[in-house]
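J.: My structure is below; once you've seen it, I'll send some questions.
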Amino acid sequence: MSKRIVRDEKSLYEAKAEAQKLAFAPFAFHAAMALRDLGILRALANSGPEGFTAERVAQLTHLPPYGVKVLLEAGMVCDLVALEKDHFRLCKLGLLVLQDATTRANMDFTADVCYRGMSHLAEAVKTGKPAGLKELGPWPTIYEGLAHLPRHVQQSWFAFDHHYSDDLFPAALPVVFADRPKRLLDVGANTGKFSLACLSHDAEVKVTLLDLPGQLAMAQQSIDASGQGTRAAYHPIDFLDPSREFPGGQDAIWMSQFLDCFGENEIVSILERARRALAPDGRIYIVDTYWDNQEHAAARFVLVMTSLYFTCLANGTSKMYHSDDMRRCVQRAGLKLEREVDDLTLSHTMFVCRPH
């Protein structure tokens with residue numbers, strides 16, 4: 001069941017202040033990145049409760065005093081740092097920018113993958129094409145280009161992707177393996193992390209990885225290095241081609257944070273092919289982060305903003321979905337929702353599906 005979203009209307013004074021924050025949001029973002037990456041926040045973290053003067057921070061970071069002072073004052077109005085007399089000290093928000101893993105993954109993803117491309121958002125909305133992707137490369141979708149992105153961009157993309165998926169594996173594996181599947185299809189296998197977790201969890205399961213050739217090459221390298229490659233098979237596929245059927249006879253089909261990479265009609269096509277690939281009594285396991293199923297406002301904000309990445313850079317047609325949207329797709333594909341697991345993690349929901 002969707003969690004209720006409550007918003008209090010801001011006063012005119014508060015709304016006007018928020019409007020200025022939006023107007024200068026790119027300035028604030030780059031200031032926060034510079035404060036973090038130039039070591040200024042780290043210097044203040046080591047200063048103790050009394051803080052440091054701007055001149056002392058400049059000495060410690062080997063940066064010009066002028067630039068350090070400009071950044072610290074920007075950090076002050078963004079609540080990253082506080083100024084008391086002539087000493088700056090780190091605030092909670094600054095500490096999160098410096099140390100929080102979620103904040104770092106989101107900021108690096110925004111800076112390295114999305115920032116330039118997002119300037120083409122209006123064009124993407126009008127055309128239904130990922131207009132911002134041209135800032136990264138010439139591909140029709142970002143998925144064809146993942147294996148060819150500059151290394152730092154690729155690292156930020158995968159760090160973002162893995163940050164929101166890896167912690168669900170320990171909770172998901174007992175659910176998926178409750179019926180001891182012998183053949184498992186990992187749809188949208190990416191770098192093969194879940195496939196590798198399955199191979200380690202059950203010594204008898206055979207896993208087939210389904211994805212674009214570039215992703216499968218990275219996955220195979222990782223699985224072969226683990227010494228478990230004899231029970232893994234690789235099936236390259238273009239998911240957007242509805243004529244490409246999935247390998248059949250599967251006891252379990254896994255899709256984790258995968259279907260949100262497609263528009264609704266494409267999701268239905270993928271689920272129909274998955275249904276046809278099931279063995280008798282097989283099940284499809286769909287795991288995703290639905291924005292209506294989030295307890296915390298920060299999680300809802302991140303998910304809804306991530307939809308703009310899909311619009312502008314990924315493919316121009318997909319988004320982070322409301323859970324009801326996915327339920328409708330499941331039904332349209334000739335599947336029934338046998339079970340919902342809402343407590344898989346704080347953010348993830350699992351749909352366990354079978355054919356009607």
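The values are calculated or read from the model by the stated rules, or taken from the named source; none is laboratory data. A quick note: this is a predicted structure, and the numbers were derived from the prediction, not measured. Ideal geometry is used to build each Cβ from the backbone, glycine not excepted, and the neighbour counts take in all protein chains shown.
J.: Checking the structure you have, find out if any residue of region 52-59 is surrounded by fewer than 17 Cβ atoms within 10 Å (Cβ to Cβ) and either of a type in the set (Phe, Trp, Tyr) or not assigned by TED's automatic domain parsing to the domain that holds LYS21 (or both).
T.: The answer is no; no qualifying residue exists.
J.: Another question about this same structure. Within region 134-151, can you find the residues that are touching a residue at least 12 places away in the same chain (Cβ under 8 Å) and in a helix (DSSP H, G or I)?
T.: LYS134, GLU135, ILE142, TYR143, GLU144, GLY145, LEU146, ALA147, HIS148
J.: Can you tell me which of PHE109, PHE158 is buried (at least 16 other Cβ atoms within 10 Å of the Cβ), touching a helix residue (DSSP H, G or I) at 6+ places or on another chain (Cβ under 6 Å) and of a type in the set (Phe, Trp, Tyr)?
T.: Details: PHE158 fails: touching a helix residue (DSSP H, G or I) at 6+ places or on another chain (Cβ under 6 Å).
Just one listed residue meets the conditions, PHE109.
J.: Something else: LEU72 is checked against (1) surrounded by fewer than 20 Cβ atoms within 10 Å (Cβ to Cβ); (2) farther than 30 Å from LEU240 by Cα and fails just one. What number does that condition carry?
T.: All conditions are met except number (1).
J.: Here's something else I'd like to know. Just one of the numbered conditions (1) touching a residue at least 40 places away in the same chain (Cβ under 8 Å); (2) part of a helix (DSSP H, G or I); (3) within 19 Å of the chain's Cα centre (by Cα) is not true of GLN154; which one?
T.: In the conditions (1) touching a residue at least 40 places away in the same chain (Cβ under 8 Å); (2) part of a helix (DSSP H, G or I); (3) within 19 Å of the chain's Cα centre (by Cα), GLN154 misses (1) alone.
J.: Any chance you could count how many residues in region 77-88 are within 16 Å of ARG36 (Cβ to Cβ) and surrounded by 15 or more Cβ atoms within 10 Å (Cβ to Cβ)? Write out each step before concluding.
T.: First, the residues of region 77-88 that are within 16 Å of ARG36 (Cβ to Cβ): 78-81, 88.
Keeping just the survivors that are surrounded by 15 or more Cβ atoms within 10 Å (Cβ to Cβ) gives 78, 80-81, 88.
So the answer is 4.
J.: Would you tally the residues in region 307-335 being closer than 15 Å to LEU133 by Cα and either part of a loop (DSSP other than H, G, I, E, B) or of a type in the set (Asp, Glu) (or both)? Give the derivation first.
T.: If we filter region 307-335 for residues that are closer than 15 Å to LEU133 by Cα, which is where we start, we get 307-318.
Among the residues that remain, those that are also either part of a loop (DSSP other than H, G, I, E, B) or of a type in the set (Asp, Glu) (or both) are: 315-318.
Counting residues in region 307-335 that are closer than 15 Å to LEU133 by Cα and either part of a loop (DSSP other than H, G, I, E, B) or of a type in the set (Asp, Glu) (or both) gives 4.
J.: Then there is this: Could you tell me whether region 162-184 includes any residue that is assigned to a strand (DSSP E or B) and modelled with pLDDT of 95 or more? Write out each step before concluding.
T.: Filtering region 162-184 down to residues assigned to a strand (DSSP E or B) leaves 183-184.
Cutting the leftovers down to modelled with pLDDT of 95 or more gives us 183-184.
Yes, because at least one residue in region 162-184 is assigned to a strand (DSSP E or B) and modelled with pLDDT of 95 or more.
J.: Then there is this: Which ranges mark the helices (runs of 4 or more DSSP H) fully within region 1-79 that have 2 or more residues being modelled with pLDDT under 95 and out of contact with any His (no Cβ under 6 Å at 6 or more places or on another chain)? Give the derivation first.
T.: Numbers: elements: 12-23, 25-37, 40-45, 54-61, 65-77.
Fully inside region 1-79 and qualifying: 12-23.
J.: Right, here's the next one. Please work out which one of (1) closer than 17 Å to CYS261 by Cα; (2) free of Cβ contacts under 8 Å to residues at least 60 places away in the same chain; (3) buried (at least 22 other Cβ atoms within 10 Å of the Cβ) is the condition VAL187 fails and give its number.
T.: (2)
J.: Inspect all residues belonging to region 277-300 and state whether any of them is surrounded by 14 or more Cβ atoms within 10 Å (Cβ to Cβ), in contact (Cβ under 8 Å) with a residue 24 or more places away in the chain, part of a helix (DSSP H, G or I) and in contact with a strand residue (DSSP E or B) (Cβ under 6 Å, 6 or more places away or on another chain). Break it down into steps so the answer makes sense when it comes.
T.: Restricting attention to region 277-300, the residues satisfying the condition of being surrounded by 14 or more Cβ atoms within 10 Å (Cβ to Cβ) are 277-279, 282-294, 299-300.
From what is left, the residues that are in contact (Cβ under 8 Å) with a residue 24 or more places away in the chain are 277-279, 282-294, 299-300.
Applying the additional criterion that residues be part of a helix (DSSP H, G or I) yields 277, 291-293, 299-300.
Restricting the remaining residues to those that are in contact with a strand residue (DSSP E or B) (Cβ under 6 Å, 6 or more places away or on another chain) gives 277, 293.
Yes, region 277-300 contains at least one residue that is surrounded by 14 or more Cβ atoms within 10 Å (Cβ to Cβ), in contact (Cβ under 8 Å) with a residue 24 or more places away in the chain, part of a helix (DSSP H, G or I) and in contact with a strand residue (DSSP E or B) (Cβ under 6 Å, 6 or more places away or on another chain).
J.: Right, another one. Within region 163-211, how many residues turn out to be among the small types (Gly, Ala, Ser) and in contact with a Phe, Trp or Tyr (Cβ under 6 Å, 6 or more places away or on another chain)?
T.: Here is the first cut: in region 163-211, the ones among the small types (Gly, Ala, Ser) are 165, 171-172, 178, 188-189, 192, 195, 197, 200, 203.
Applying the additional criterion that residues be in contact with a Phe, Trp or Tyr (Cβ under 6 Å, 6 or more places away or on another chain) yields 188, 197.
Residues meeting the conditions: 2.
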